[in-house]
Amino acid sequence: MTKLTSLIATIILTASLSSATAAEPAHSLTVSEGFTNPLGFYDASPTFSWKLPVGVERQTAYQLEVTSDGETWDSGWVESDQSTLVPYGGKPFESRDEVEWRVRYRDAAGDESRWSEVATFEMGLLSKEDWQAKWIRPSQDKPDVREPVAWLQRSFDLPAGVKQARLYVTARGMFDLALNGKKVGQEYFANGWTSYNNRIDILTYDVTDQLAKGENKFAASLGCGWYAGQLMGKKDRGIYGQLPELLLQLEVTLEDGSTATIVSDDQWQGTWHGPITFSSIYDGEIYDARREVSGWEQVAVEDLNDAKLAPKPFAPVRQTELVATQKITEPEPGRFVFDLGQNMVGWERLKIPVEAGKTVTVRFAEMLNQDGTMYTENYRGAKSTDTYTAAETGTIEWEPQFTFHGFRYVELSGLPEGAKPSEDWVTGVVLHTDLPKIGLFASSHDKLNQLQSNIIWGQRGNFLDIPTDCPQRDERMGWTGDAQVFCPTSMFNYDCHAFWKAWMRSLRDDQLPNGAIPHVLPDALGHGGSPGWVDAATIIPWEVYVRTGDKEILAENIDMMEKLIGYYRSKSKDGLVTEIEAFGDWLQPYSPRTQGDTPAPLLGTAFYGHSARLTAKAARTLGRDDLADKYDAEADEVAKAFAAHYFDGKGNLQNAPQTQTAYLLAIAFDLIPDDQKQAAVENVVRLVEEADGHLRTGFLGTPYLISVLDERGYHDLAYDLLLKETYPSWFYSINQGATTMWERWNSYSHSDGFGNAGMNSFNHYAYGAIGQWMYERVAGLAPDPAQPGYKHLIVKPLIDGPLTSAKAELETPFGTASSAWTKSGDSAQLTVVVPPNTTATLTLPGGDKSQELKPGEHEFEVKLDKGGA
Ligand code: BGC
């Protein structure tokens, strides 16, 4: 394996399309982290973003008009090219404020656009003083099951002439709410998982059309959920509370100007007796159709506590897709296995024949055993089983409410004798945080496309209100290490700006007194401190900033970053971490330890240096130079100590085992002097060769392997590793049938069967971190940290290599950007789309010259001196 960059690219042709039509108004108006006309909005001092029409090259000035309650804040004409995250300069909004806003701009020629269409938002309830409601739950003794479901109801009368009605609702636990027999909203597992003792998110609904003159009725059910249900580490009871509770406030405005308010209070009735006798995230749901909801009594009422109540600042979980059964088998008599063809997260929708009094059991599996039966060992303690007991003989349609499963296969047993299953009996319902899909990656390589699909499914399955490690076993936690490695890739696939920013609140809320970040967030374990995991606190804000330009995420988290650096400092002597709790380079292949071979103090020092540098960068971005200087100095000291202790001055590791990861982190985190980096990367190449051309990196090293080799000129080796078919590699899992990312490269293999069931998730996004390199280098579309949020794009496609085509497309804050190339013979066609109001720098392989691109579509013919495969 040698360094190979022999390709010379010649640009033969370039065409740029752009003709400005300045009169066209701005479009796609959004507030703060990309919300379109939100209701129940959370941000009292929002930012404003808009897109310019394609054809307009540049904005030179804008004017914003923001009107609420008859008062207008007019920015006046502001000479600026800023069209994203423009700060609001008026007085902060208050609860329930209804706001209208519009924008116009001037283009490069100074021509004024027309006003945009008017966009709106309405504030949610921002303070506790807004609430008259109280927490309610059934008052009877809790039934003798670990995770029961509560039912609550209230009828109320309204006169005619409802003009507007807003419903503010949340739960400690999960709520499902119906008003006059119709589900309110389309959300599931609401209100999601926050650090409940610190803050609780509110959902807001416009229910004007759901109300009627005369009697109206609320009917709610509550699951224990993350609040009161079993979670890893707490087997017998909830971490936050014992029983689920509801908080609700309906505010009605009538045509005559009068108002009516219905709240959760002692006017409600509650019971534990209903058809769902048990529902647990891990274990599944038990439904008995013979049990009517009954035994209503007055509810137990509790005052609000100190937890902050605030509108949910990101999208809730919704049903986003239905997956049809592909195949049915009967590996054991009476047990029918429905194969959905795709590992997914959500639940089953059943349409099946049932017999009165009989129970149908529904089990789930991500994989099948050799004999076609369900492989469930990897669920560990999670029973992940639903049951339905029928009241009458006939056909039922049913799906659960407060549980979810990670599965590809659904097994039904207990069906009526002789029933012949058909494919429409089972449909997979995909559930996850409903974020807009903004990215596309495709190439000429089928397996690479499958990898991209696996990454996307891994992200969908594990973005379930929080970023989880896995969706199926008795874990499903917000593991910080997994999250930080996957964050950049996630931002290409979906618009995760608000999602990550919101999750950072849990990091701040639950940061440990010694400055360490807990292993999982919200903190369900009470431990933290592992290098590469705690650094979610620095890496994620920085990565989100680079991809959105949102400085606020740095401002909100800089104190947390500083405390984290304090934690590292407390673990170190003269810049060198001496002893630290660590998961290590988790799951490094062939290592006898799950923590891998790279020692904890080395990892600790490396991430200490990296996090200190990111803290300095964040401080510098915020204009806090003193702080930035302080952390730069600290990062320098750590790097110096790292290099002196772990390197011999010639780019060779010392005082530690020779691991790919140790070298990679030293280079990627800039911990060794530049003149040692070439020798260090040659060591990586040597170690890859010694591993017969394979990676030997775990969770922490893998994200840097290919990018470091690529950056230092080893493009062929980078491609080799990406397209490797044998273990351990991305394609190896695909060759074993993967439709999602796996926790281990060999979670299953045709030759050896299943890996150790103790740690064997078939839906773990961590190794999906490679997606970033596929977008940024294979196709060639990357952000520029110096002009974040895609104000400037770096287009550097790696055309030199075995693929014949690749394409990335991304809906940036400025509009659609793309880079697509196709090879034929000894040349390649490259098309680059640069969004309005941005610029791009294009660098072609082998070319030492870059060129600047303006907004528009540009086409190039690139002369290659060797053809692609
Ligand atoms: C999780 C991981 C996590 C790890 C910590 C596991 O159980 O599934 O993904 O990062 O523990 O070492």
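Each value in this text was obtained by applying a stated rule to the coordinates, not by laboratory testing. Just so it is clear, the model here is predicted, and its values are computed rather than measured. Counting neighbours? That spans all protein chains shown, and the Cβs are built from the backbone with ideal geometry, glycine included.
Some points to look at:
- Computed from the Kirkwood radius of its Cα pairs, the Stokes-Einstein diffusion coefficient for region 388-475 at 4 °C and 1.567 mPa s stands at 79 µm²/s.
- For region 602-665, the convex hull drawn through the C-alpha positions has a volume of 73 cubic angstrom per residue.
- Each 5 Å bin, from zero up to the one with the longest distance, holds this percent of the alpha carbon pairs of region 38-192: 2, 6, 13, 14, 13, 11, 10, 9, 8, 6, 4, 2, 1, 1, 0.
- More than 20 Å apart - percent of Cα-Cα pairs taken over region 106-185: 62
- Kirkwood-type hydrodynamic radius, region 559-628: 13.2 Å, calculated from all non-identical alpha-carbon pairs.
- Net charge dipole size for the chain [Lys, Arg +1 and Asp, Glu -1 on Cβ; Debye, nearest 20]: 960
- Over 14 Å [Cα-Cα, region 788-865], rounded percent: 58
- If you take all other residues with their beta carbon under 14 Å from the beta carbon of residue 629, and give Lys and Arg +1 and Asp and Glu -1, the sum is -2.
- Other residues within the sphere of radius under 10 Å centred on the Cβ of residue 317, judged by their own Cβ, net out at -2 (K and R +1, D and E -1).
- Annotation: Cα Rg of region 571-701 relative to the compact-globule expectation 2.2 N^0.38 Å equals 1.07.
- Dipole orientation for the chain: of the candidates 498, 362, 445, 445 has the Cα lying most toward the positive pole (charges on Cβ; Lys, Arg +1; Asp, Glu -1).
- The alpha carbons of region 484-623 stretch over 40, 33, 26 Å along the principal axes, in descending order.
- Computed about its Cα centre, the charge dipole of region 319-423 is approximately 140 debye, with only Lys, Arg, Asp and Glu carrying charge at their Cβ.
- Legend: calculated FRET efficiency, residue 332 to residue 306, from the Cβ-Cβ distance at R0 = 51 Å, rounded to 0.05, equals 0.40.
- Options 792, 819, 856, ranked by Cα towards positive dipole end of region 787-869, top entry (Cβ charges): 792
- GluC sites (Glu not before Pro) within region 664-721: DSSP coil, no more than 14 neighbouring Cβ in 10 Å: none
- Pairwise Cα inverse-distance average, inverted: Kirkwood Rh of region 213-285 (Å): 15.1
- Compactness of region 287-427, expressed as Rg and Dmax over alpha-carbon positions, Å: 18.3, 58
- Tail beyond 47 Å, pair distance distribution of the chain (Cα, percent): 26
- Computed over region 668-729, the ratio Rg/Rh where both radii use C-alpha atoms and Rh is Kirkwood: 0.95
- Over region 77-146, the pair-distance histogram of Cα-Cα distances with 5 Å bins from zero comes to 3, 10, 14, 15, 12, 8, 8, 7, 6, 5, 5, 3, 3, 2, 1 percent, rounded to whole numbers.
- In Å, descending, principal axis extents of the Cα set of region 645-696: 29, 20, 17
- Its alpha carbons considered, region 613-767 gives a radius of gyration followed by a Dmax of 18.4, 58 Å.
- Of interest is the spacing of the C-alpha centroids, which for region 171-242 and region 335-408 amounts to 24 Å.
- Cα extents for region 458-499 along the principal axes, largest to smallest and rounded to whole angstrom: 29, 17, 16.
- Inter-centroid distance (Cα atoms) of region 585-659 relative to region 467-499, Å: 23
- Mean Cβ count within 10 Å, highest first, over the residues of peptides 273-281, 592-600: 273-281, 592-600
- Members of 183/383; 312/437; 217/308; 796/854; 573/630; 501/573 lying beyond 22 Å, as alpha-carbon distances in this model show: 183/383; 217/308; 501/573
- Taking a straight Cα-Cα cut-off under 21 Å and skipping sequence neighbours fewer than 8 places away in the same chain, the lysines within cross-link reach of residue 327 are 351, 420.
- In this structure, residue 117 and residue 260 have a Cβ-Cβ separation that, at R0 = 51 Å, corresponds to a calculated FRET efficiency of about 0.95.
- Applied to region 105-115, the Karplus parametrisation 6.51 cos²θ - 1.76 cosθ + 1.60 on θ = phi - 60° returns per-residue 3J(HN,Hα) values of 9, 10, 8, 4, 7, x, 6, 8, 7, 6, 5 Hz, with x for Gly and Pro.
- The phi-based Karplus calculation (6.51 cos²θ - 1.76 cosθ + 1.60; θ = phi - 60°) puts the 3J(HN,Hα) values of region 788-805 at x, x, 6, 4, 10, 10, 10, 10, 9, x, 8, 5, 5, x, x, 7, 9, 7 Hz, whole numbers, x for Gly and Pro.
- Kirkwood-type radius of region 719-869, with distances r between different C-alpha atoms, in Å: 17.1
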